[in-house]
Amino acid sequence: MAEICLCILSPRFPKPNEESKAMKDHLTRRGFIRTAAAGSAALTWLSARQSPLVFAAEADKPALLGGTPVHKGGWVRWPQWRESWEPEVLKVLRSGRWFRGSGENVAQFETAYAQLLGAKRCLATASGTTALLVALHVMDVDAGDEVIVSPYTFIATYNAILINKALPVFADTDPASLTMDPASIESRITDRTRAILPVHIYGMPCDMDPINAIAKKHKLAVVEDACQAWLGEYKGRKCGTLGDLGCFSFQESKHLPSGEGGAVTSDSDDLVDRCQSFHNCGRSFGGFKGSGYFTRGGNYRMQHFQAVILLQQMDKLVQETARRRESADYLTAQLKQIPGIQPARLPENSRAVWHLYPFRYDAQQFNGLSRGKFMQALNAEGIPCGGGYSEQYNDGLLDETINSRGFKRLFSAERLKAYRESFQELKGNRQVCATTVAVTQNMLLAERGDIEHIIAAVRKIHAHSAALAKA
Ligand SMILES: Cc1ncc(COP(=O)(O)O)c(C=O)c1O
């Protein structure tokens, strides 16, 4: 999804490595204070009445019908790099020590990332997918097992379970929060269920207390897919430290990017020693001796080039997370006032990091303007957006799985038939897939004036929805 959104966005990006004025401003304290101060003044004023910008925008024709777009500039480019990072990257290049076993950068990153999250340990991996593969293996998810998982996620979450020859059994999605509905988990547990895999989608924490309580009651492992949730928080603890193991992605579109990359985090030395072993061809590690020198394992190692790029971005991630939160809070306060727009509800005492900023769209409140046309109109206003994930379990991947030789051997025909039919029960997820609209994280790094454009564009479309619906 993130990749799809960035494809939509790319024509609007400034040239690679060109730092936009907005971004430069955000990186200076003065710029930050100026923007924040202007923002809070605007917020106070706006809560009383509409801003002149919104008023002017509403009066104008929608861009889709020939009017002037609300937002004419670009958006903050992504990913970013700084010249100041180059010496560290060059150092690795010139050292000739590129593989994890012959240098220290990956281990340094593991220490820094664990500290940042307040986790005891971290293992760096080649990607988020490999982090999930390692975590599921270590939690003993084996051929013929079942894993209860959020359906509303990037397809890699499904695939990590399938590659372990286990069945992804979908809990329903809570339409208000867009995350796993804890109330839908227990009825899906069978004698094959081994683990629960909640996904903190778009950086919004799942409601982990009830999920962990169910896991404890049924003796199931909890592997968090925190691949979009670096620094997300639930009741004072970071996403990725709330279950047995947490998995992260550092792919290029992510808030902490290194092209590819991933991590597994945990407070358990034993589990991370096992992860270390499995990700390094099954070599014994720390307290984990396995069955001698080698146990089962693969090569899922991170390279030092990835690690040094990540190490440069720790402070940047913290600062930008605060910035995205500020923009998202402002968007939520304003957008929820527009009939038919419902921002996501977060669990109590939690903080999202907004890999995407989603809201649910009710076409009825927009004179029947379809979601597709609403998004077209928003794009025409200079606000790139997408519809989020679709009902991917209907897209063929799971039919192919059910019909594969391996899965037919591992599961009875009755189980696979009931499994296929169970997708129809995912009513909350269907609703979320049909009604969500989202903008991407890089847009939340923009100046307050640009964030105002997002609100003004939605208001303008609302004001002209009857004409747009007819066009
Ligand atoms: C929710 C989620 N899970 C897993 C992954 C897989 O991570 P990677 O692309 O680094 O393999 C991603 C990456 O996009 C993701 O967003």
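The values are calculated or read from the model by the stated rules, or taken from the named source; none is laboratory data. Everything numeric in this text was worked out from a predicted model, so none of it was measured. Cβ coordinates were reconstructed from backbone atoms using ideal geometry, including for glycine residues, and neighbour counts include every protein chain displayed. Each accessible area value is taken on the protein alone, full model and side chains, heavy atoms only, with ligands, DNA and RNA left out. Shrake-Rupley method; radii C 1.70, N 1.55, O 1.52, S 1.80 Å.
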- prompt: If each of residue 217 and residue 316 carries a label point 7 Å out from its Cα toward its Cβ, how far apart are those two points in nm?
  reply: 4.5
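Counting alpha carbon pairs within less than 8 Å and at least 6 residues apart, what relative contact order, in whole percent, applies to region 225-360? Present the calculation step by step, with values, prior to reporting the outcome.
Details: 202 pairs, mean separation 31.7, N = 136.
Across region 225-360, relative contact order equals 23 percent.
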task: Using only the Cα atoms of region 257-300, build the gyration tensor, take square roots of its eigenvalues as a ≥ b ≥ c, and label the shape rounded, prolate or oblate: rounded if a/c is under 1.5, else prolate if a/b is larger than b/c, else oblate.
output: oblate
message: Given N residues in region 335-406, what is its alpha carbon radius of gyration divided by 2.2 N^0.38 Å?
response: 1.52
message: Computing the accessible area with a 1.4 Å probe over protein heavy atoms, can you report the carbon and sulfur percentage for region 308-358?
response: 47
task: May I ask you to rank 354, 98, 81 by accessible area, largest first, using a 1.4 Å probe over the protein chains only?
output: 98, 81, 354
- prompt: Could you give P(r) for region 405-464, binned at 5 Å from zero, as whole percent values over all Cα-Cα pairs?
  reply: 4, 12, 12, 12, 11, 10, 8, 7, 7, 7, 8, 2
- line: accessible surface per residue for the chain, probe 1.4 Å, DNA/RNA/ligands not counted, whole Å² -> 41
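Can you tell me the dipole magnitude for region 392-441 around its Cα centre, using point charges on the Cβ only (Lys, Arg +1; Asp, Glu -1), in Debye to the nearest 20?
Its charge dipole is roughly 200 debye.
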query: On the first, second and third principal axes, largest extent first, how far apart are the outermost C-alpha atoms of the chain in Å?
result: 74, 58, 35
- request: Classify region 207-317 as rounded, prolate or oblate, taking a ≥ b ≥ c as the square roots of the eigenvalues of its Cα gyration tensor: rounded when a/c is under 1.5, otherwise prolate if a/b is larger than b/c and oblate if not.
  value: oblate
task: Sort 226-233, 277-284 for me by packing, meaning the mean count of neighbouring Cβ atoms within 10 Å per residue, highest on top.
output: 226-233, 277-284
- request: Give me the percent of Cα-Cα pairs in region 343-471 that sit more than 18 Å apart, rounded to a whole number.
  value: 65
message: For the chain, what does the helix formula give at 222 nm: sum of -39500 (n - 2.57) over DSSP H segments with n ≥ 4, over the residue count, nearest 500 deg cm²/dmol?
response: -12500 deg cm²/dmol
- request: Roll a 1.4 Å probe over the protein heavy atoms and report the accessible area of residue 188 in Å², nearest 10.
  value: 40
statement: Projecting the Cα atoms of 284, 56, 136 onto the charge dipole of the chain, where Lys and Arg contribute +1 and Asp and Glu -1 at Cβ, the residue farthest towards the positive end is 56
- request: For residue 294 and residue 336, calculate 0.36 nm times their separation in residues minus their Cα-Cα distance, and state this gained length in nm to one decimal.
  value: 9.5 nm
- request: With a/c under 1.5 counting as rounded, go ahead and sort region 109-179 into rounded, prolate or oblate using the C-alpha gyration tensor (a ≥ b ≥ c being the square roots of the eigenvalues; past the cut-off, prolate if a/b is larger than b/c, else oblate).
  value: oblate
field: For region 118-258, the Rg and Dmax computed from alpha carbons only, in angstrom
entry: 13.6, 40
message: Give me the mean projected area, in nm² to one decimal, of the convex hull enclosing the Cα positions of region 277-322.
response: 4.6
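Do any of 254/289; 165/316; 336/417; 289/417; 373/427; 120/427 go past 32 Å between their Cα atoms, and which?
Working: 254/289 35 Å; 165/316 39 Å; 336/417 42 Å; 289/417 41 Å; 373/427 23 Å; 120/427 39 Å.
The answer is 254/289; 165/316; 336/417; 289/417; 120/427.
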statement: Its Cα gyration tensor gives region 74-200 an equivalent ellipsoid whose semi-axes in whole Å, largest first, are 35, 20, 13
Accessible area of residue 462 in the full protein assembly, 1.4 Å probe (Å², nearest 10): 50
task: Over the chain, calculate the relative contact order: mean separation of alpha carbon pairs under 8 Å at least 6 apart, over the residue count, as a percent.
output: 22
- request: Just tell me, in residue order, which DSSP H segments of the chain are both 27 angstrom or longer along the helix axis (alpha-carbon based) and at least -0.5 in mean Kyte-Doolittle hydropathy.
  value: 29-48
- request: Give me the distance between the Cα centres of region 157-214 and region 388-415, rounded to whole Å.
  value: 17
- prompt: Which aspartates and glutamates have a Cα less than 20 Å from the Cα of residue 408, not counting those fewer than 8 places away in the same chain?
  reply: 142, 145, 146, 191, 395, 399, 400, 421
- line: Rounded to whole angstroms and listed largest first, the alpha-carbon spread of region 393-439 along its three principal axes comes to 42, 20, 11
